[in-house]
Amino acid sequence: MRLLLSVLAALLVTGPAWAGDLAVSLKTPSGAPVTDAVIVVETPGGPPPGPIRFPGPYRMAQKDMQFTPFVLLIPVGAEVAFPNLDPILHHVYSFSPAKTFELKLYGRDETRRVRFDKPGIISVGCNIHDDMTAFIRVVDTPYAAKTDALGQAVVTGLPAGPVTVRIWHPYLKAGRNEVVRQATLPATGVVALGLVADLRATPMKHGGY
Ligand SMILES: [Cu+2]
């Protein structure tokens, strides 16, 4: 009995047994997976204290006259590397209020770095090549994830109870490019949320949507 009590106490202290996961699956109306969508989950208690980490690297390369990745998810305060992997010069910039910056012409295998100190959405372009475009999503919560090539994302470690799920994609056909859903997390386990996301027509260069 003493052993059982100490196991229960350990579970209470360590916490994971009281946290749930939200698995989001995002598809277009024709059934294609939607990659590069950012899922942000809001909880009544707000984000937990402590450092925020996402799978890295915090890096946006210029390769084959495109930015890669098309959407980068980072925590506030993170520094992003912008390596140029092309044999030509690029000139990377943003006019977005959350971070205005300019990385003047630089060439192959050179890297510049920018720190993003405010949450928000940063639209990135190249001064030389107008069709190069990308987005950096800076968040101040660990409750966020980006959909992968299968259109799936999992937000882990959520407290039980009601949550607000914000689904954002640069080309989502919705106000502010975002749809909002409510969900309720159980004390343990996974809640699956499947959504159809209609995207605006864009050049084929970004994965076909
Ligand atoms: Cu360029």
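Running a GNM on the chain with Cα contacts under 10 Å, which residue among 134, 37, 187 ends up with the highest mean-square fluctuation?
In this elastic network of the chain, the residue with the biggest mean-square fluctuation among 134, 37, 187 is 187.
What lysines does residue 118 reach when the alpha-carbon gap must be under 23 Å and sequence neighbours fewer than 8 apart in one chain are set aside?
99, 104, 146
Determine the percent antiparallel among the DSSP beta bridges restricted to the chain, to the nearest 5.
Counting DSSP beta bridges with both partners in the chain, the antiparallel share is about 75 percent.
With both bridge residues required to lie in the stretch 53-140, what share of the DSSP beta bridges run antiparallel, to the nearest 5%? Intermediate results must be reported in sequence, preceding the final value.
Details: 20 of 27 bridges.
If we restrict to bridges inside the stretch 53-140, about 75 percent are antiparallel.
With axes computed from alpha carbons, what is the tilt in degrees of helix 2-14 against the longest principal axis of the chain, rounded to the nearest 10 within 0 to 90?
That works out to roughly 30 degrees.
Gain in length, residue 100 to residue 130, computed as 0.36 nm per residue apart minus the alpha-carbon separation, to one decimal in nm? List each step's numbers first, then the result.
Working: separation 30, 0.36 × 30 = 10.80 nm, distance 1.75 nm.
Gain in length upon complete extension: 9.0 nm.
Given a Förster distance of 30 angstrom, what is the FRET efficiency for residue 113 paired with residue 23, based on the Cβ-Cβ distance and rounded to 0.05? Spell out each step's value before the answer.
On the way: r = 33 Å, r/R0 = 1.11.
With a Förster radius of 30 Å, E is 0.35.
Could you tell me what a quarter of the Cα convex hull surface of the chain works out to, in nm² with one decimal place? Provide the component values of the computation, followed by the final result.
Values: hull surface 53.7 nm².
Mean shadow area of the hull around the Cα atoms is 13.4 nm².
What is the fewest-to-most order of 65, 60, 132 by other Cβ atoms lying within 10 Å of their Cβ?
65, 132, 60
Using only Cα atoms, what is the ratio of the radius of gyration of the stretch 53-140 to 2.2 N^0.38 Å?
Numbers: Rg = 11.9 Å, N = 88, 2.2 N^0.38 = 12.1 Å.
Computed over Cα atoms of the stretch 53-140, the ratio equals 0.98.
Restricting to DSSP H runs of at least four residues, report the calculated mean residue ellipticity at 222 nm for the chain, -39500 (n - 2.57) per run over all residues, nearest 500 deg cm²/dmol. Let's see the in-between values first.
Numbers: 1 runs with 13 residues, N = 209.
One gets -2000 deg cm²/dmol as the mean residue ellipticity at 222 nm.
Throughout, read-outs are computed from the coordinates displayed, never taken from laboratory work. This structure is a prediction, so every number in the text was calculated from the model and none was measured. Neighbour counts are summed over all protein chains in view; Cβ atoms, including those assigned to glycine, are modelled from backbone coordinates with ideal geometry.
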